[in-house]
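Attaching a single structure in structure tokens format; questions to follow.
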Amino acid sequence: MLTEIQEGKALNPVVRHITQEKINLYAEASGDFNPIHVDESFAAKTPLGGTIAHGMLNLAYVSEMMTSAFGQSWLSGGKLRAKFKEPARPGDTLTVSSKINCIEQRDNVSYANCGFECRNQKGEMIVAGEAIVKLSSARK
Amino acid sequence: MPDKTITYEELTPGYKFPPATYELSASFVSKYLKAVDAAGDGFVPPLAVTACAVASMTKAVPLPPGTIAIHASQDLEFLKPVPVGATIECHIGVAQKIARGKMSMLILELDVFDKGKEKVQSGKATIALPA
């Protein structure tokens, strides 16, 4: 968990390597067996040229970072808006990073507004968005 | 779900798919955590709850065979932690259907409730499809 919640504070990044095995495990866990994720010969014939990770797998890493930083506050008062910019592919290493852009006070409750991004090893943006966390009480 | 009695062309804003129920068992959570390379903390990871809802969307939306649907964006709000072993019910409806050039955008609303009918999560997913 973050010890200091203040504007400009960076959250601990999450780094994960994508493999076809992990994509297959995610398909099994979620029940989403769309062939673009799990059927390599099908995916190779599509404009994507190969399998891609589920967008929700990439987003899971964002949520993991937010849970590590904010704990229960994220589970019961988190909001996120994410745009999937580029697909993540087997062999990619994804780095999810974020910082607290601002802390807002509304009705005596504080909200931490965080911008986040997920990039691959080439620096390409895979997911970008913002997350808002309702903190337990007003803070300055 | 899936409701295969409706075609993609017949999906219109306001359409609600039949709800889907999932039991978030310890084995499901363990499989999910292994897939996302994460450690557990006693609660179901919120994105594991969403994963069920998104998977039910994928199964529910009747796409022509061979169509590639791309998950373009996702909004989510987490309202309540979900304990391991809970049963959830996913409600999905069509919010908007937009034709944009050679693409069609389908915006789906999702609400997830626990056994006590309390909302635990809500959100919106944008799915891009060839028009």
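Here, each number is a calculation from the coordinates, and none is a lab measurement. The shown structure was predicted, so the numbers you read here are calculated from the model rather than taken from an experiment. Glycine gets a Cβ as well: all are built from the backbone with ideal geometry, and neighbour counts include every protein chain shown.
Just to verify a number: FRET efficiency for A:Glu124 and A:Ala10, C-beta to C-beta distance, R0 = 22 Å, to 0.05?
Efficiency for this residue pair is about 0.60.
In terms of the Cα gyration tensor, with a ≥ b ≥ c the square roots of its eigenvalues, is the protein assembly as shown rounded because a/c is under 1.5, prolate because a/b exceeds b/c, or oblate?
prolate
Here is a further query. Hey, what angle do you get for helix B:26-36 against the long axis of chain B, alpha-carbon based, 0 to 90 degrees rounded to 10?
60 degrees
For B:Arg100, A:Arg89, A:Arg16, what ranking results if the residue with the fewest other Cβ atoms within 10 Å of its Cβ goes first?
By the 10 Å Cβ count, ascending, the order reads B:Arg100, A:Arg89, A:Arg16.
Shape of the range A:1-61 from its Cα gyration tensor (a ≥ b ≥ c, root eigenvalues): rounded if a/c is under 1.5, otherwise prolate when a/b > b/c, or oblate?
The shape class here is prolate.
Something else: Rounded, prolate or oblate for chain B? Axes are the square roots of the Cα gyration tensor eigenvalues, ordered a ≥ b ≥ c, and the cut-off for rounded is a/c under 1.5.
prolate
By average Cβ neighbour count within 10 Å, what is the ranking of A:66-73, B:44-51 from highest down?
B:44-51, A:66-73
Stretch A:Gln20-A:Leu2 to full length: gain in nm at 0.36 nm per residue minus the Cα-Cα span?
Taking A:Gln20 through A:Leu2 to full extension adds about 3.2 nm, to one decimal.
Here's something else I'd like to know. Just to be sure I understand the model, the point goes 7 Å from the Cα along the line to the Cβ. What's the resulting B:Lys119 to A:Asn108 distance in nm?
In this crude label model, B:Lys119 to A:Asn108 measures out at 2.5 nm.
Extension gain A:Asp39-A:Glu86, at 0.36 nm per residue separation less the Cα-Cα distance, in nm?
Gain on extension, A:Asp39 to A:Glu86, equals 15.0 nm.
Counting only the backbone N, which residues of the range A:44-76 are under 12 Å from the spot 7 Å out from the Cα of A:Leu135 toward its beta-carbon?
Residues A:70 fall inside that zone.
Next up: Give me the number: length gained by fully extending B:Leu63 to B:Thr7, i.e. 0.36 nm times residue separation minus the C-alpha to C-alpha distance, one decimal in nm.
Computed gain between B:Leu63 and B:Thr7 is 19.4 nm.
What are the ³J(HN,Hα) values, in whole Hz, obtained from phi via the Karplus relation 6.51 cos²θ - 1.76 cosθ + 1.60 with θ = phi - 60°, for each residue of the range B:62-76 in sequence order, with x given for Gly and Pro?
Whole-Hz 3J(HN,Hα) from phi for the range B:62-76: x, 9, x, x, x, 6, 9, 9, 10, 6, 8, 7, 8, 10, 9.
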